[in-house]
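> Before I ask anything, here is the structure I am working with.
The values are calculated or read from the model by the stated rules, or taken from the named source; none is laboratory data. Model, not experiment: these values are computed from the prediction. Positions of Cβ are generated from backbone atoms using ideal geometry, with glycine treated the same way; all protein chains shown enter the neighbour counts. All accessible areas refer to the heavy atoms of the entire protein, side chains included, with ligands and DNA or RNA removed. Shrake-Rupley method; radii C 1.70, N 1.55, O 1.52, S 1.80 Å.
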There are 4 protein chains.
Amino acid sequence: MSSFPSSRGRPRDPRSHEAIISAATELVIEVGYAATSIGAVAARAGVGKDTVYRRWRGKPELVFEAVFTTTDHVPAPDTGTLAGDLTALLRSLVEEFHAPAAAAALPGLLADFAADPVLKARIRSQFLAPSKERLLIVFERAVARGEIAAGTPVDLVLDTLAGAVFFHVGLVGEHLDRQLAGWLAAAIAKGIEIR
Amino acid sequence: MSSFPSSRGRPRDPRSHEAIISAATELVIEVGYAATSIGAVAARAGVGKDTVYRRWRGKPELVFEAVFTTTDHVPAPDTGTLAGDLTALLRSLVEEFHAPAAAAALPGLLADFAADPVLKARIRSQFLAPSKERLLIVFERAVARGEIAAGTPVDLVLDTLAGAVFFHVGLVGEHLDRQLAGWLAAAIAKGIEIR
Amino acid sequence: MSSFPSSRGRPRDPRSHEAIISAATELVIEVGYAATSIGAVAARAGVGKDTVYRRWRGKPELVFEAVFTTTDHVPAPDTGTLAGDLTALLRSLVEEFHAPAAAAALPGLLADFAADPVLKARIRSQFLAPSKERLLIVFERAVARGEIAAGTPVDLVLDTLAGAVFFHVGLVGEHLDRQLAGWLAAAIAKGIEIR
Amino acid sequence: MSSFPSSRGRPRDPRSHEAIISAATELVIEVGYAATSIGAVAARAGVGKDTVYRRWRGKPELVFEAVFTTTDHVPAPDTGTLAGDLTALLRSLVEEFHAPAAAAALPGLLADFAADPVLKARIRSQFLAPSKERLLIVFERAVARGEIAAGTPVDLVLDTLAGAVFFHVGLVGEHLDRQLAGWLAAAIAKGIEIR
DNA sequence: CCTTAACCGAGACGGTACGTCGAGTCTTCAA
DNA sequence: TTGAAGACTCGACGTACCGTCTCGGTTAAGG
């Protein structure tokens, strides 16, 4: 993947990278995804437009990195029951989608990704990957406990969870339904449990 | 709402309306939502831009009407069981979201609606309303049959169903999972049934 | 040629035309030809860039029109002698090239015209045409008076006069040599006279 | 002038100098003066941009040196008559201006020089100096022969000759008028001769 | 012989301008 | 008043070049 940086020439200034990411995050929060332009990001970061385009192919990639980076190394929950694990999982999903920058960026971001075949492939492989990994572990434990069958379709469940949270958080209410995570976890858990 | 047309002067040509809707639908299918511009729609419809703006406030409203019009007057399914009704409901939802124009327009459309507070309010009240109505009827019957409790939160269920279908159809696979409707209906039905 | 304006649609606002021409003239004088950008002209004229590009293909055409418009309808001089006519002709040529906007624009303008084959053809046909016309009349009278031969090559004389003035005014001294017109007219007149 | 190189450190590689000059000449011929960029010259020469900027202040200086170097040590013609000498002088001037790189570079080069007060001063002192020197010698001989008066203004004659050739060669015809040198020399000679 | 300083290639840097396009409004003539 | 046409202001797009800077790495002369 990494197409080695080759070390020839002046290396890229990591402070530019940071400044751009910060500027992008702030602008998305302040004016929204659609009104955030590469030019404005560059200006706020005190950087030339080329310096942005040198690192990211366009707005979707830039905002994606700016908004979804803290996502990662959360361990899979282990509460002893499927419902408990799903609740924990959903809570972190809600939290992630509800963060100011994420909530402002998500709909536009997904639209731009969906419109481009190249980017579309990354939704699953990058955007949903960490969640899928945790969900897989949760499912393995649930199978071991005999709560669910071995063949339960992880991707469908993940689409359901993420889609539900996205719709509820991103497209609907001003006010987030606080019971969302609990109710949805309970319903899905019960829905896919054996018997 | 309708700010009546006041009847003085030349009446609006209904053929313009049709031609614009058709042009918009075609363009969304051919070049996608983002690349569909009002100017291009007007040109293809053989119409001035003002004639478009006189009838719709902008691209989101126009495309929404162009893409989601046949939705409406389908009666609520009545198969005798909650799972059956949900399956039927989901099948029509999948069909609706999977139609060429809808699949192409949905992500961008939702992004534009979500970005505008005024439009955002219409997602529930217009976009989801027909589905909600049918779901309510299905739930009433299920309550009457004793399958589910009276207080089951319709909106959350609807977000879950629509979100799942949207994610799966609009953002993910080229190839739609044919089992989606059946599996999801079964899981949700079981998840919200009493006991 | 004229590809008739067809009268359909909103006609071009002549005030925009004027404002752009004025802004271009001012900018050329203030910052020079090279530093005059279409964007800056549009901004100063209070006009969108498209409005400029709709009327002119680029900077050379725009500045040419801005700087050389008052050139035209001066009648050919008729002093009774070739030397006198040439002096008058050269005086107006010097005046024309020495005007603030013209002096600032000429070198860059000729460079841009010379670099483009399409524009290059216009140097003779538009830029030099009015002078050539007057020179032709002057020569006809001189032939009638028997001062010069009938076949005297007008184009070469014109290149010589214009080239000399351009070099002297545009490329050389801050301070224009006041005797230029008189001396050059005398030399050329004597040089091409019979005997 | 030369701001001596102080001898410490690695000396400049003379092959870089040559490579840059060659690359500049080629590019000017191939794509023209305006489209010749320092970056492209450096790339073609296999050299870093700084290596160019270390030796020349910018494109005008570089291209000037690249295009006008063979100009110099031609001796002043001595045919026995002013008209003959001027013809020879003009022939070499035409040849110089008509060379591929010179013809391509001259208009833009003069424009850039004229736009910068510092460079503008060099037009006379460097670009025209060799020609002026030869013209002075020619004039001295003509004065000695009694052909012209002692005070004949060399600079004006030089402007006239150079301007005429520049206009004719650089700005006008594809096809150079072969009689240019002869006709112009004859006219000017006759024009400035005594009686 | 080993520092020191200028050179070198590569390429990132902050800027500025390019010419095109879409948004939404305005202005004309004609129906 | 509607309608087609198209001009209007505005602002973003992604690219190219400017001239400077910062890397790692030569290549000499001077101590």
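> Scanning region A:127-149 for residues that are in contact (Cβ under 8 Å) with a residue 60 or more places away in the chain and within 27 Å of A:Pro100 (Cα to Cα), which turns out nearest to the other protein chains (Cβ to nearest Cβ)?
My answer is A:Phe127.
> Output yes when any residue across region A:74-81 is open to solvent by 20 Å² or more (accessible area, probe 1.4 Å) and within 15 Å of DNA strand F (Cβ to nearest atom), and no when none is.
For region A:74-81, residues open to solvent by 20 Å² or more (accessible area, probe 1.4 Å) and within 15 Å of DNA strand F (Cβ to nearest atom): absent.
> Would you confirm whether or not region C:89-98 contains a residue that is at pLDDT 95 or above and buried (at least 19 other Cβ atoms within 10 Å of the Cβ)?
Yes, the conditions are met somewhere in region C:89-98.
> Looking at A:Glu61, A:Glu65, A:Glu18, can you tell me which residue is part of a helix (DSSP H, G or I) and without any contact (Cβ under 8 Å) to a residue 12 or more places away in the chain?
Checking each option against the conditions leaves just A:Glu18.
> I need a count of the residues in region A:163-184 that are within 9 Å of chain B (Cβ to nearest Cβ) and in contact (Cβ under 8 Å) with a residue 40 or more places away in the chain.
Qualifying residue count for the region: 6.
> Could you list, ordered by first residue, the pairs with Cβ atoms under 7 Å in which the first is in region A:98-124 and closer than 13 Å to A:Gly32 by Cβ and the second is among the polar types (S, T, N, Q) and surrounded by 18 or more Cβ atoms within 10 Å (Cβ to Cβ), at least 6 apart or interchain?
A:Ala101/A:Thr25
> Please go through region C:26-62 and pick out each residue that is surrounded by 16 or more Cβ atoms within 10 Å (Cβ to Cβ) and β-branched (Val, Ile, Thr).
Passing the criteria: C:Val28, C:Ile29, C:Thr36, C:Ile38, C:Val41, C:Val47, C:Thr51, C:Val52.
> Kindly evaluate C:Asp85 against the criterion of being within 26 Å of C:Glu133 (Cα to Cα), away from DNA strand F (no atom under 16 Å from the Cβ) and either assigned to a loop (DSSP other than H, G, I, E, B) or over 21 Å from the mean Cα position of the chain (by Cα) (or both).
Against the criterion (within 26 Å of C:Glu133 (Cα to Cα), away from DNA strand F (no atom under 16 Å from the Cβ) and either assigned to a loop (DSSP other than H, G, I, E, B) or over 21 Å from the mean Cα position of the chain (by Cα) (or both)), C:Asp85 does not qualify.
> Assess whether C:Ile137 counts as being open to solvent by less than 10 Å² (accessible area, probe 1.4 Å) and either among the β-branched types (Val, Ile, Thr) or more than 17 Å from C:Ala181 (Cβ to Cβ) (or both).
Spelling it out, it is not the case that C:Ile137 is open to solvent by less than 10 Å² (accessible area, probe 1.4 Å) and either among the β-branched types (Val, Ile, Thr) or more than 17 Å from C:Ala181 (Cβ to Cβ) (or both).
> From A:Arg44, A:Arg91, A:Arg10, A:Arg15, grab the single residue that is within 15 Å of DNA strand E (Cβ to nearest atom), of a type in the set (D, E, K, R) and touching a helix residue (DSSP H, G or I) at 6+ places or on another chain (Cβ under 9 Å).
The conditions single out A:Arg44.
> Considering each residue of region A:185-195, count those that are at the interface with another protein chain (Cβ under 9 Å from one of its Cβ atoms), without any contact (Cβ under 8 Å) to a residue 12 or more places away in the chain and open to solvent by 20 Å² or more (accessible area, probe 1.4 Å), and give that number.
0
> Out of the residues in region B:6-25 that are of a type in the set (Ser, Thr, Tyr) and more than 11 Å from DNA strand F (Cβ to nearest atom), which is surrounded by the fewest Cβ atoms within 10 Å (Cβ to Cβ)?
Only one residue tops the list, namely B:Ser22.
> Moving on to the next point. Please verify whether A:Thr79 is of a type in the set (Val, Ile, Thr) and more than 11 Å from DNA strand E (Cβ to nearest atom), treating the condition exactly as stated.
In short, yes.
> Could you check, for region A:103-115, whether at least one of its residues is among the aliphatic types (A, V, I, L, M), away from every other protein chain (no Cβ under 11 Å), open to solvent by 20 Å² or more (accessible area, probe 1.4 Å) and in a helix (DSSP H, G or I)?
Checked against the condition, which is being among the aliphatic types (A, V, I, L, M), away from every other protein chain (no Cβ under 11 Å), open to solvent by 20 Å² or more (accessible area, probe 1.4 Å) and in a helix (DSSP H, G or I), region A:103-115 yields no hits at all.
> What residue, of C:Ser3, C:Ser37, is at pLDDT below 95 and farther than 30 Å from C:Leu135 by Cβ?
Residue meeting the stated conditions: C:Ser3.
> Counting only residues that are of a type in the set (D, E, K, R) and free of Cβ contacts under 8 Å to residues at least 12 places away in the same chain, how many does region A:72-97 have?
So the count comes out to 1.
> Still on this structure: Could you list, in sequence order, all residues of region D:63-73 that are surrounded by 15 or more Cβ atoms within 10 Å (Cβ to Cβ) and either more than 13 Å from DNA strand F (Cβ to nearest atom) or over 20 Å from D:Pro130 (Cβ atoms) (or both)?
D:Phe64, D:Glu65, D:Ala66, D:Val67, D:Phe68, D:Thr71
> Output the number of residues of region A:114-147 satisfying the condition of being modelled with pLDDT under 90 and among the acidic types (Asp, Glu).
Of the residues in that region, 0 qualify.
> Are there any pairs with C-beta distances below 9 angstrom linking a residue in region D:28-51 that is assigned to a helix (DSSP H, G or I) to a residue that is of a type in the set (S, T, N, Q), with the two at least 6 apart or on different chains, and if so which?
Going by the 9 Å Cβ cut-off, the qualifying pairs are D:Val28/D:Thr36; D:Glu30/D:Thr36; D:Ala42/D:Thr51; D:Arg44/D:Ser22; D:Ala45/D:Ser16; D:Ala45/D:Ser22; D:Ala45/D:Thr51; D:Thr51/D:Ser16.
> Going through C:Thr79, C:Thr152 one at a time, which residue ends up being within 11 Å of chain D (Cβ to nearest Cβ) and of a type outside the set (Lys, Arg)?
One residue alone meets the criteria, C:Thr152.
> Sticking with this one: What number of residues within region B:166-182 satisfy the criterion of being of a type outside the set (A, V, I, L, M) and surrounded by fewer than 21 Cβ atoms within 10 Å (Cβ to Cβ)?
Here the count works out to 7.
> Do we find a residue being β-branched (Val, Ile, Thr) and under 27 Å from D:Val118 (Cβ atoms) anywhere in region D:77-89?
Within region D:77-89 (the criterion being β-branched (Val, Ile, Thr) and under 27 Å from D:Val118 (Cβ atoms)), the answer is no, since none of the residues qualifies.
> Now a separate question. If you scan region B:23-44, which residues turn out to be of a type in the set (Ser, Thr, Tyr) and more than 18 Å from B:Ala103 (Cβ to Cβ)?
If the condition is that a residue be of a type in the set (Ser, Thr, Tyr) and more than 18 Å from B:Ala103 (Cβ to Cβ), then B:Ser37 is the only one that fits.
> Follow-up question, since we're still on this one. Could you tell me whether any residue of region A:140-156 is buried (at least 22 other Cβ atoms within 10 Å of the Cβ) and out of contact with any strand residue (DSSP E or B) (no Cβ under 6 Å at 6 or more places or on another chain)?
No, there is no match, as no residue in region A:140-156 is buried (at least 22 other Cβ atoms within 10 Å of the Cβ) and out of contact with any strand residue (DSSP E or B) (no Cβ under 6 Å at 6 or more places or on another chain).
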